[in-house]
Structures are given as structure tokens and as C-alpha cells.
Ligand SMILES: Cc1cc2nc3c(=O)[nH]c(=O)nc-3n(C[C@H](O)[C@H](O)[C@H](O)COP(=O)(O)O)c2cc1C
């Protein structure tokens with residue numbers, strides 16, 4: 001017999017089409033203002049804001065509700081300095097030969113290079129880890145997780161949207177490879193760093209690459 005337990009979904013807020021349309025347009029406007037920035041201010045941001053954003057990320061759907069993610073929130077200046085040194089070491093190799101010519105060509109519009117000062121300047125770095133499996137604390141048994149990449153990616157999307165909604169700029173940084181994040185964040189081997197979200201106020205008069213987003217007809221089909 002199926003012993004699944006259900007509760008009434010009392011939190012659902014029913015909205016009529018007019019209100020729905022207005023809210024969807026407002027949210028689109030909000031998200032249109034989200035841009036990746038690569039220069040940050042060192043102005044502090046309260047920890048509670050980051051906690052709320054991580055709690056929002058934790059509300060993402062996940063395969064069998066395994067919630068196969070971990071967020072390491074870093075504000076320690078000493079640790080940020082070590083992060084920068086480790087990331088720049090990897091990035092020097094990436095830009096100095098490991099990246100293919102076509103990859104470097106694709107990165108050209110963003111003006112990125114091996115220098116990552118934002119890792120020290122921004123008040124918060126949030127390392128996102130996916131957990132390929134969980135470990136039972138008493139028996140040590142491996143517990144399988146499902147759709148780990150998809151679930152962690154969704155949670156990271158929620159995180160970025162929550163930080164943006166709070167009024168923070170973000171940078172999705174993927175130093176390649178990023179195994180060093182396990183050591184610096186003291187995370188176990190069965191967790192894999194997927195990205196480092198840099199968060200804070202943007203630097204004064206920050207600029208962003210002049211890029212376009214695809215129109216609806218290019219990203220959707222209606223059947
Ligand atoms: C998975 C992923 C990895 C990324 N890695 C980097 C990175 O390592 N360094 C960087 O400067 N930007 C990185 N970005 C940011 C993208 O370059 C940026 O999102 C894209 O150019 C679109 O710009 P926008 O975010 O302002 O819309 C990454 C974005 C994603 C989603």
C-alpha cells in the first residue's frame with residue numbers, strides 16, 4: 001500500500017488573468033535589469049540577505065526532493081584572498097593555453113582574462129556544489145541522488161534571481177577546473193563545485209558588455 005502523506009496546498013495564491021499578466025510583466029521587467037557584472041564595490045551586504053537568497057535557492061524543485069546541493073557562503077577576507085589566488089592560477093593556464101582558440105574567441109566580447117580582482121573585492125562569494133550522492137550519517141551508506149545537475153542548476157538560478165531581486169549584482173564565475181573549491185570550502189569529495197556566484201553592489205559607473213538576448217520566436221515554439 002502506498003503510504004505517501006499529503007497535506008493541503010494552502011500556500012497557493014490564486015490570481016486572476018489580469019493580475020497574472022501584470023505580475024508576469026513586472027517580473028520580466030525586473031529580470032531584464034539583471035546583468036552579469038565583473039567589477040564590484042566592497043560595500044558590505046548584510047549576511048541575512050545572503051541567508052534569504054540561499055533559503056530561496058533551497059526552495060527549488062529537485063529530483064525526488066533530494067535537494068542535492070550545498071552553498072558555501074564566503075565573506076572572510078583571508079579566504080577570499082586564497083580563492084582569488086587559486087582561481088587565478090587555474091585561469092592563467094586556461095587563458096594561456098588550455099582553452100581552445102574558438103572558446104577564447106567566444107569570450108572576446110566579455111573582455112575577461114586571468115585577473116579576478118572581484119574575488120577579493122566583492123563582499124560575498126557563494127560556491128554552489130552539487131552532491132552526487134548523500135551519505136547516511138549512522139551507517140555510512142551511499143544514498144542515491146537523481147538529476148543532480150539539473151537540480152543544482154535550478155537552485156543556482158533561484159539563487160541568482162533572489163540576489164538580483166534583493167538589489168545585488170552577481171557574476172557567475174566558473175574557474176576551470178574548480179576542484180580547489182572543495183579544499184578551500186572544506187567540502188567532501190562527493191560534492192562537486194559547479195559555479196561560484198559573486199555578489200555585491202556593482203562598482204560605481206560599472207559597464208557591461210553590449211550584448212542581445214534572443215527574441216521569443218527564437219527561444220520558443222508554440223504547438
Ligand atoms: C554556467 C555559466 C558560467 C559562466 N562563467 C563565467 C566566468 O567564468 N566568467 C565570467 O566572467 N562570466 C561567466 N559567466 C557569465 C556569462 O558570460 C554571462 O551570463 C553571459 O555573457 C550573459 O550576460 P548576462 O548575464 O549579463 O545576461 C557564466 C555564466 C554561466 C551561466
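Read the figures in this text as sums done on the coordinates, not as results from a lab. Note that the structure is a prediction, hence the values are computed from the model and not measured. When we count neighbours, we look across all protein chains shown, and the Cβ atoms used for this are built from the backbone with ideal geometry, even at glycine.
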Long-range neighbours under 6 Å by Cβ, at least six apart or interchain, first residue in contact (Cβ under 8 Å) with a residue 60 or more places away in the chain and more than 20 Å from residue 206 (Cα to Cα) within segment 158-176, second within 12 Å of the ligand (Cβ to nearest atom) and outside any strand (DSSP E or B): 175/87; 175/90; 175/91; 176/94
Those residues of segment 199-222 which are touching a residue at least 12 places away in the same chain (Cβ under 8 Å) and more than 12 Å from the ligand (Cβ to nearest atom), in sequence order: 199, 200, 201, 203, 204
Of all residues making up segment 167-188, the number that are under 19 Å from residue 124 (Cβ atoms), within 16 Å of the ligand (Cβ to nearest atom) and under 17 Å from the mean Cα position of the chain (by Cα): 10
Residue 4 vs. criteria surrounded by 14 or more Cβ atoms within 10 Å (Cβ to Cβ) and closer than 30 Å to residue 143 by Cα: no
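Results for (1) touching a strand residue (DSSP E or B) at 6+ places or on another chain (Cβ under 7 Å); (2) farther than 30 Å from residue 48 by Cβ; (3) surrounded by 15 or more Cβ atoms within 10 Å (Cβ to Cβ), shown as yes or no for each residue.
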position: 147; (1), (2), (3): yes, yes, yes
position: 154; (1), (2), (3): no, no, yes
position: 162; (1), (2), (3): no, no, yes
position: 165; (1), (2), (3): no, no, yes
position: 171; (1), (2), (3): yes, no, yes
position: 174; (1), (2), (3): yes, no, no
position: 199; (1), (2), (3): yes, no, yes
position: 206; (1), (2), (3): no, no, no
position: 209; (1), (2), (3): no, yes, no
Test: residue in segment 120-127 that is surrounded by fewer than 16 Cβ atoms within 10 Å (Cβ to Cβ) and in contact (Cβ under 8 Å) with a residue 40 or more places away in the chain: no
Criterion (in contact with a strand residue (DSSP E or B) (Cβ under 6 Å, 6 or more places away or on another chain) and within 12 Å of the ligand (Cβ to nearest atom)) met by exactly one of 118, 110: 118
Unique match (being within 13 Å of the ligand (Cβ to nearest atom) and either under 22 Å from residue 181 (Cβ atoms) or loosely packed, with under 12 Cβ neighbours inside 10 Å (or both)) among 12, 40: 40
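A quick yes/no check of all residues on (1) in contact with a strand residue (DSSP E or B) (Cβ under 8 Å, 6 or more places away or on another chain); (2) outside any loop (DSSP other than H, G, I, E, B):
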site: 18; (1), (2): no, yes
site: 27; (1), (2): no, yes
site: 42; (1), (2): yes, no
site: 45; (1), (2): yes, no
site: 50; (1), (2): yes, yes
site: 56; (1), (2): no, yes
site: 59; (1), (2): no, no
site: 66; (1), (2): yes, no
Residue in segment 189-198 that is over 16 Å from the mean Cα position of the chain (by Cα) and more than 9 Å from the ligand (Cβ to nearest atom) present: yes
